[in-house]
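See below for the structure under consideration.
Values in this text are rule-based calculations from the coordinates and carry no lab data. Quantities reported herein were computed from a predicted structural model and do not represent experimental measurements. With ideal geometry, Cβ positions are generated from the backbone for all residues, glycine too; neighbour counts draw on all protein chains shown.
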Amino acid sequence: MFEDRRAQRISGLKGFWAVLGMAALLGGCANVNQQQQQQPQPDTSAAASPASDASATDASNMQAAASAPVTRVVTKTTYVRAHRGDTLQRIAQKHSVSVKDLAAWNHMKPNGHLRAGQSIKLVSKQTVTVQVAAPQTGGTASNPAASAAGNRQVAAEVARHASSVALVWPAHGRVVEPFAPGTTRGIEIAGKAGDPVIAAADGKVMYAGTGLNGYGSLIIVQHNKDFLTAYSHNRRLMVKTGDTVHQGQQIAEMGSDNNDRVAVLFEVRRDGKPVDPMPYLPSSPQS
């Protein structure tokens with residue numbers, strides 16, 4: 001059974017980058033079409049009917065509920081410069097982080113040598129209260145101005161090179177299949193049908209569909225020029241190619257499409273090559 005899944009994924013991989021390349025070409029057109037479709041239309045009716053009044057009231061209530069403040073834990077990434085004589089231990093102590101985490105964020109050994117002027121990455125968690133739009137296909141936010149500003153920020157991040165990416169877990173559940181170089185392409189996180197699958201980081205949806213054998217319903221999100229993530233075997237997709245998504249936003253429902261169990265296959269790719277997602281994820285286990 002494991003060999004069958006492996007063979008399917010290897011077969012599907014042959015079309016992975018072909019589909020991604022096509023999605024990249026079509027993404028701009030999708031964004032233009034989406035913007036055109038979202039332009040407000042003039043109201044040509046002289047008076048609203050009772051039915052339309054009720055619909056407007058329902059829409060208003062839904063928008064108010066969707067934009068209710070919620071508390072979220074977000075990941076913040078900052079960089080500091082190493083000075084002459086600095087060590088990872090000294091920087092970790094100064095910024096109240098563990099040496100192990102600091103070394104992992106910077107892909108170094110805990111006793112690694114630092115050079116003066118070297119950029120050192122710091123990752124922290126912050127609890128913030130935000131206005132969150134209800135999940136919907138296309139990822140449209142309730143505040144167009146805020147959405148446009150956020151989308152521009154994500155677009156700038158997607159367009160630049162980066163040495164790493166800070167992720168959150170794409171689903172709550174147990175890792176039932178770990179990453180094994182040359183054998184698996186990512187990790188499988190098990191759950192129940194319909195469980196939310198969320199974007200592991202801000203990015204642009206480069207592909208959302210079912211065109212790759214072995215992957216089922218698949219979403220590919222580009223986070224910067226060097227890193228992307230992929231989410232496979234979903235029951236339902238809640239975004240489309242060209243959408244901008246934000247970390248923690250629900251993008252799909254977990255399922256078993258083209259798989260023998262309910263789970264999301266989560267991949268991290270750096271420069272096109274699959275890498276172990278675990279070093280990029282928070283250390284706390286999922287339950």
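Roughly speaking, what is the stretch gain from Asn111 to Arg160, that is 0.36 nm per residue apart minus the C-alpha to C-alpha distance, in nm to one decimal?
14.6 nm
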| Given 0.36 nm per residue, what is the gain on full extension from Lys225 to Thr78 after removing their alpha carbon distance, in nm? | 51.1 nm
| Vicinal HN-Hα couplings computed from phi for segment 255-266 (Karplus, 6.51 cos²θ - 1.76 cosθ + 1.60; Hz; Gly/Pro x) | x, 10, 4, 6, 8, 9, 7, 7, 5, 9, 8, 10
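Assuming 0.36 nm per residue, please report the length gained on full extension of the stretch His172 to Gln93 beyond their Cα-Cα distance.
25.3 nm
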| Amide H to amide H, which residues 5 or more places from Arg270 or on other chains are under 5 Å from it, using H placed in the peptide plane? | Val275
| said: Greater than 20 Å separation of Cα atoms is the criterion. Which listed pairs, Lys204/Lys240; Lys225/Lys273; Lys100/Lys225; Lys94/Lys121; Lys121/Lys204; Lys192/Lys240, meet it? | reply: Lys100/Lys225; Lys121/Lys204; Lys192/Lys240
| remark: Each label sits 7 Å from Cα toward the beta-carbon; between Arg270 and Arg236 the label points are separated, in nm, by 3.6 nm
